[in-house]
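To start, the structure under review is shown below, and the notes come after it.
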Amino acid sequence: PQFSIEEQTELLPYDKAWEFPRCRLTLGVQLGSGCFGRVVKGEAIGIKGSRETVRTVAVKMVRSQTNVAAMESLVSELKILIHLGSHLNVVNLLGACTKKITKGELLIIVEYCRFGNLQTYLMKHRNNFINLLDEFGNMKPDSEMEDPHAPILSDISSFDRNSIADNENPGPFYSTTDTEAPEWWNYGHQQERDPAQNKSISTRDLISWSFQIARGMEYLASKKVLHGDLAARNVLLADDGVVKVADFGMAKKMYYEGNYERAEGLMPVKWMAIESLTARIFSSQSDVWSFGVLLWELFTLGEVPYPGMDVGHLLIKEIKSGYRMEKPENAPNFFGVIMANCWKTEPNERPTFRQLEEMINSHMESSV
Ligand code: ADE
């Protein structure tokens, strides 16, 4: 496809420090695909590390190189990733191959997350769930806990938010400031409990993940980036129980203060805020609504929201008339309150991601 000069000048100039030689990247099996793009596993030689180190990466590309809309959406994702900088709880950019971009060969190289997306992971391991709640929906006192690998919560709360967030974009080569989890960033999830046994998920893991997602989203919101499609399918699980917000295909930089309006298209209706459905208004506060739905997914271990309800006028009508989902059985009472707050009709009455992060953090501290 031919891009106009305007499109090219708008799209192409980018920090050359991110360019990664195509010859040092090999592509492997497909990891996922959407309507526009697909993601494959890959190996990159000397990407952030010594010259000869081979690193497993994920590579995003368009499905059809002649689809201009798909190309534009991928380019805008690259721009957003560059703009974002890196954070532990976001799938970070590692590099890009842009040399043949006019032929549609744009490759975006991001961190590979070994355990895939949360939705699939939750479903797969839901039969190994360790419930740490008492019959009233409160966390059991520590002494009664069955989870042998409870995270060290003082480590999480004493964590300095600036130490990882917001480092300078170092480009893809030989960086010493990586965004890997520091050693003490130990949520106690991924150490093998018993290699022979299937992986289990505990209430604590779910709370830790919700905390980390709030952190990643707080970082996005602080950069004035809205996600637009926050859902368990777009959160990836890496090593050491670290989760990362992914897939900025729908993400938009907010160039104006406040809200962003988006054209019609395929919409994740069950995750969308009421004002997005009725007035097509998107903001970080509509991402907060989606976060509430994501919490519901977490604590149902990967069920589809609004079970039994079709997407369509009825669902929208019900939500407009005040219908909301109930607190999942496995969610602590506290999270029932958080969900209800995320689903307030008035966007400004919902908590911000900063507040969510703090609320979940203090809840974790008080339940130790
Ligand atoms: N599927 C989509 N993106 C991925 C990533 N970065 N790592 C692992 N699986 C993925």
Taking the stretch 55-69 and keeping only residues that are open to solvent by 20 Å² or more (accessible area, probe 1.4 Å), within 16 Å of the ligand (Cβ to nearest atom) and over 13 Å from residue 37 (Cβ atoms), one is left with 55, 56
Contact list, first residue from the stretch 34-48 and within 23 Å of residue 17 (Cα to Cα) and within 9 Å of the ligand (Cβ to nearest atom), second anywhere and modelled with pLDDT under 95 and not in a strand (DSSP E or B), beta-carbon distance below 6 Å, six or more apart or interchain, is none
Quick count over the stretch 269-292, residues being closer than 14 Å to residue 356 by Cα and either in contact with a Cys (Cβ under 9 Å, 6 or more places away or on another chain) or among the hydrophobic types (A, V, I, L, M, F, W, C) (or both), is 5
Within the stretch 317-368, the count of residues that are in a helix (DSSP H, G or I) and open to solvent by less than 80 Å² (accessible area, probe 1.4 Å) comes to 21
With criteria (1) modelled with pLDDT under 95; (2) part of a helix (DSSP H, G or I); (3) open to solvent by 40 Å² or more (accessible area, probe 1.4 Å); (4) more than 24 Å from residue 208 (Cα to Cα), residue 311 comes up short on (2)
Per the filter on the stretch 101-143, residues within 16 Å of the ligand (Cβ to nearest atom), open to solvent by 40 Å² or more (accessible area, probe 1.4 Å) and either in contact with a Pro (Cβ under 8 Å, 6 or more places away or on another chain) or assigned to a helix (DSSP H, G or I) (or both) are 119, 120, 123, 124
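The values are calculated or read from the model by the stated rules, or taken from the named source; none is laboratory data. Small disclaimer: the values here were computed from a predicted structure and weren't measured. When we count neighbours, we look across all protein chains shown, and the Cβ atoms used for this are built from the backbone with ideal geometry, even at glycine. Protein only, heavy atoms only, side chains kept; ligands, DNA and RNA dropped before computing areas. Shrake-Rupley method; radii C 1.70, N 1.55, O 1.52, S 1.80 Å.
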